[in-house]
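Visitor: This is the structure, below, for whatever I ask next.
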Amino acid sequence: MRRGVRIQNLGGARAVILHRPHPVVQALTRQLAAIGLQVSSCWPELEPGALAADFVFFDADMGHDGQFPWKAGDPPMPMIALIGSEAPGRIEWSLQAGAHAQLLKPIGDSGAYSALLIARSAFDAHRALSAEIADLRQRIEARQTVVQAVARLAARGKDESAAYAQLRQLAMAWRISIEEAASRIVAGREGPDDRRDHR
């Protein structure tokens, strides 16, 4: 069964076009305004207010490294590449810059709406995946910390299961999670009383 995709109402969204003055900008502005977007354009750098934009269209033909005020490939909004040259190097650069969709030049009377929706969907999927990866990394690090804490407690003359039980007792006594208690132990932030009482 196919999962439905929720089509967003784009009216009122803000788009910035990073492109040198050109008929491409005029044609794209007409399309976006007809959809209901607020549009501004700039070149050769993004205007300061662009960080609040909902979408950025950028010239993949004349674009260059360092043109965006964020880490390459990690834009804070959906990015749409405006591509005139399908040279592999230019396409590769636009992908590295963080393009979520593309619109081929010359720009006519259509194409912007689907590019907006595709870019939004790809951006949301990328954000969700990044959050999932960050969560998994955090959980793996927390598990490693628990193992280190158990090893440190076991070094005081206990077997592993007794050391883990002691870690649980400490977490309950401190009213924090096992992972937080493990982090305290690994960092050596147990108080002297804690060490004496839980040997």
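Any read-out appearing in this document is the output of simple, stated calculations on the displayed coordinates, not a laboratory observation. This is a predicted model, so every value here is computed, not measured. For neighbour counting, all protein chains shown are included, and Cβ atoms are generated from backbone atoms with ideal geometry for every residue, glycine included.
Visitor: Could you work out [θ]222 nm for the chain from helices alone, using -39500 (n - 2.57) per DSSP H run of at least four and dividing by all its residues? Round to the nearest 500 deg cm²/dmol.
Guide: -16000 deg cm²/dmol
Visitor: Over all Cα pairs of segment 134-197, how is the pair count split among 5 Å bins, expressed in % and running from 0 up to the last occupied bin?
Guide: Histogramming segment 134-197 at 5 Å steps yields 4, 20, 30, 27, 12, 5, 2, 0 percent.
Visitor: Further question on the same structure: What order do you get for F68, F57, F123 when you list them from fewest to most C-beta neighbours inside 10 Å? Please report the intermediate quantities before stating the final value.
Guide: On the way: F68 23, F57 32, F123 19.
Lowest to highest Cβ neighbour count: F123, F68, F57.
Visitor: How far, in degrees from 0 to 90, does helix 88-97 lean away from the longest principal axis of the Cα atoms of the chain, to the nearest 10?
Guide: So the helix axis and the longest Cα principal axis differ by about 50 degrees.
Visitor: Of Q169, Q67, S114, which is farthest along the charge dipole of the chain in the positive direction, counting Lys and Arg as +1 and Asp and Glu as -1 at C-beta?
Guide: Q169
Visitor: Can you compute the FRET efficiency between S40 and W174 using 1/(1 + (r/R0)^6), with r the Cβ-Cβ distance and R0 = 41 Å? Round to the nearest 0.05.
Guide: 0.15
Visitor: Something else: Per 0.36 nm of contour for each residue apart, how much would the distance between R20 and Q148 grow if the chain were fully extended, relative to their Cα-Cα spacing?
Guide: Values: separation 128, 0.36 × 128 = 46.08 nm, distance 5.61 nm.
Gain in length upon complete extension: 40.5 nm.
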